[in-house]
Amino acid sequence: MLRPVILAAAALLAASLTPLPATAAPAVAAPSVEQVPVTVDSSNQSGWWRPLDSFGGTDYFAYNAPATAAGRHEVHIASRAKDGTWRDGCLPDASGACVTYVDDVGHNQPSIVLDGEGVIHAFVSMHGDGWRYYRATRPGDVTSLTEASSTLPDAGLGFTYPVTARGKDGSAYVMARAHRDAAAVRDGRLYRFDTATHAWSRVAVIASGTNYSFYPDDLQVDAAGRVHVLWEWGPWPATTHRHLGSYAVFDPADGSWRDVTGAALTVPLAPGAGNTVVYQPYEDGETITSTSRAVQTAKLAVYGDRLAGIAYRYLTARSGSTFTGFDVRYASWDGAAWQRETVLARADHAVDNSATIGVTRAGAVTRIYFVAEAGGCGGVRSQVVRAERSGTTGPWAFSALGDVRQGLQRLRAQRSVNGSDLLYVTAPVTGALWRATVPRGGEPGAGGPFSEIADRLLTSGAGGRNVALNASVTVSSVLRAGIEGGKAVDGLCSDDSRWISAEGDTTPTITVGLAREYPISEIRVRSGYTKAPVPGTDVLRSFAVEAHTASGWQQVTSITGNTAGTVRVPALVTADQVRLSISDPSGNALDVARVYEIEVVSRD
């Protein structure tokens with residue numbers, strides 16, 4: 001049995017749960033982004049998890065690390081002390097080596113929580129599996145975790161999506177989806193670890209419905225000790241598009257469940273439990289199986305002893321992809337009804353946002369964190385974004401956090417003891433993990449329009465900025481409507497987003513007019529057809545790359561007999577136009593030019 005820590009630990013816990021008063025004004029400081037000295041596995045990505053916690057001035061980051069065997073991962077926990085020193089430990093198997101699990105993106109990610117004695121609890125790598133739970137034998141020690149799954153209730157069930165929180169009294173909570181597939185039910189359950197008895201018990205089956213699946217989103221504990229619970233519903237057995245975003249509150253003082261008004265609830269709750277539980281109801285013909293309208297990923301902001309609001313992603317039109325096309329929304333209770341607003345409309349911008357979101361509140365200022373993504377010819381680029389607003393109405397101001405990264409990013413945000421925000425940010429494809437802190441100083445609502453961030457994300461890339469994006473284009477001919485020259489500068493590399501010249505145009509040309517003169521470092525020409533019967537026959541075969549300088553047109557290079565889909569041309573010139581003069585459009589019987597994209601990379 002673990003020994004209770006001294007009263008100082010309890011004082012630290014109480015401090016961590018006491019909200020800042022609305023008038024608190026921390027000193028102005030810039031956000032800090034620190035790379036964690038570890039390597040994460042490509043499976044280390046999720047929208048529901050809680051992979052971070054803080055206790056006694058130390059931050060804890062849980063992550064999947066690459067295993068020796070392909071398609072598997074280890075689970076590690078890293079800790080950062082007040083002096084900036086990092087420690088790292090893996091969860092052990094029976095032999096003492098690092099335990100490994102099968103990769104399962106979106107499911108097998110770790111959630112952790114430290115209880116009031118500073119003991120680490122970790123729930124890892126479960127997708128319909130029995131409990132996979134580890135507990136530290138020494139407070140705060142990331143190298144002392146041991147397997148302890150047998151100490152949890154409901155051992156015969158499979159579990160998915162564990163989400164954790166620390167109670168005001170120092171207890172530990174975990175919410176997870178439990179699989180009862182023989183009954184066509186996957187319900188939501190809440191469990192509590194009591195530091196007085198060092199034992200787990202089931203608090204309640206939160207919600208359940210035949211032919212429905214419960215999707216955990218978030219747990220937050222308020223200053224009064226109440227546990228705020230957030231979830232979504234999908235059809236049984238599973239779906240990537242969810243519905244009926246729902247919210248309820250558990251009070252451990254009397255064991256009651258209540259809605260946002262404080263009215264009593266009886267658990268388990270059914271899907272669509274009423275408009276005081278469902279913050280995001282069905283819209284415009286939406287049903288539990290809809291894929292054109294849906295909820296996906298949500299988080300709670302709790303401040304003081306009450307709910308501040310809920311940030312979430314909502315799909316308003318079928319995008320053709322499971323995870324794209326979502327708006328960023330914010331819901332809050334005004335005392336009479338849920339008020340829903342669109343913070344960022346996907347249709348208003350050429351960039352998307354990915355399946356991850358966070359939200360915090362301090363005083364009157366709300367912050368929503370999300371990841372903007374721009375797909376295209378160079379692969380996905382992403383940027384962590386903060387939307388901030390003071391008060392409950394008015395526009396949101398947007399600012400970037402960290403750098404534009406190649407590949408996707410995922411995040412989790414929480415408010416720290418001093419009122420600043422602590423973020424866990426990972427770029428799993430590149431193996432990176434960052435610890436970001438965003439102070440609460442400065443002018444509330446600082447930032448600008450999202451369009452500035454979107455423009456930078458769309459035009460940034462390796463080596464500089466693509467100044468040809470959405471530029472004016474002139475072409476010698478077009479094969480048919482819908483494949484005009486503008487398709488060659490729209491940032492996309494798909495078969496339905498190409499310029500194709502007309503048959504009979506044996507020497508086609510395409511000219512890109514830039515907004516002004518730019519110092520150019522490279523010109524990239526991407527051409528071809530993904531369904532070419534013989535690879536390389538549909539790319540541009542022979543062409544000259546020309547730049548218009550103050551002295552007139554000059555040839556940068558001439559390409560002959562090309563078979564590559566992407567041609568990168570160094571171009572140390574200053575120019576206001578770029579032109580391709582094509583002498584051999586392709587090696588195909590339909591001898592036309594097929595250009596996905598022309599990118600002009602500027603050093604400016």
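The values are calculated or read from the model by the stated rules, or taken from the named source; none is laboratory data. Note that this is a predicted model, so its numbers are computed, not measured. Glycine gets a Cβ as well: all are built from the backbone with ideal geometry, and neighbour counts include every protein chain shown. These area figures cover heavy atoms from the full protein model, side chains too; ligands, DNA and RNA do not enter into them. Shrake-Rupley method; radii C 1.70, N 1.55, O 1.52, S 1.80 Å.
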* Asked: Restricting to the range 155-202, what's the tally of residues that are assigned to a strand (DSSP E or B), open to solvent by less than 10 Å² (accessible area, probe 1.4 Å) and among the polar types (S, T, N, Q)?
  -> 2
* To do: Determine whether the range 420-427 contains at least one residue that is over 28 Å from T322 (Cα atoms), surrounded by fewer than 21 Cβ atoms within 10 Å (Cβ to Cβ) and modelled with pLDDT under 95.
  => yes
* Looking only at residues in the range 456-476 that are assigned to a helix (DSSP H, G or I) and crowded, with 20+ Cβ neighbours inside 10 Å, which one is modelled with the lowest pLDDT? -> T459
* Candidate set from the range 403-419 (those that are modelled with pLDDT of 95 or more and assigned to a strand (DSSP E or B)); member that is surrounded by the most Cβ atoms within 10 Å (Cβ to Cβ) -> A413
* Find the strands (runs of 3 or more DSSP E) located wholly in the range 30-142 whose residues include 1 or more that are within 23 Å of A432 (Cα to Cα) and within 19 Å of the chain's Cα centre (by Cα), and list them. => 32-35, 52-55, 58-66, 111-114
* **Scan of the range 114-133 for residues that are under 17 Å from P92 (Cα atoms) and either at pLDDT below 95 or open to solvent by 10 Å² or more (accessible area, probe 1.4 Å) (or both), ordered by number** => W131, R132
* **Unique match (being in contact (Cβ under 8 Å) with a residue 60 or more places away in the chain and within 19 Å of V33 (Cα to Cα)) among R386, R361** => R386
* Structure fact -> Taking the range 106-137 and keeping only residues that are more than 12 Å from S79 (Cβ to Cβ) and without any contact (Cβ under 8 Å) to a residue 24 or more places away in the chain, one is left with Y133, R135
* Any idea which residue in the range 258-272 is modelled with the lowest pLDDT, counting only those that are open to solvent by 40 Å² or more (accessible area, probe 1.4 Å) and part of a loop (DSSP other than H, G, I, E, B)? -> G272
* Asked: Quick one: would you say T342 is open to solvent by 30 Å² or more (accessible area, probe 1.4 Å), at negative phi and part of a loop (DSSP other than H, G, I, E, B)?
  -> no
* **Residue under evaluation R524, criteria (1) assigned to a loop (DSSP other than H, G, I, E, B); (2) surrounded by 15 or more Cβ atoms within 10 Å (Cβ to Cβ), criterion not met** => (1)
* If a residue has to be open to solvent by 30 Å² or more (accessible area, probe 1.4 Å), within 18 Å of I112 (Cα to Cα) and among the charged types (D, E, K, R) to count, how many in the range 203-250 make the cut? -> 0
* To do: Residues being open to solvent by 20 Å² or more (accessible area, probe 1.4 Å) and either touching a strand residue (DSSP E or B) at 6+ places or on another chain (Cβ under 9 Å) or in contact (Cβ under 8 Å) with a residue 60 or more places away in the chain (or both): count how many of those fall in the range 484-501.
  => 8
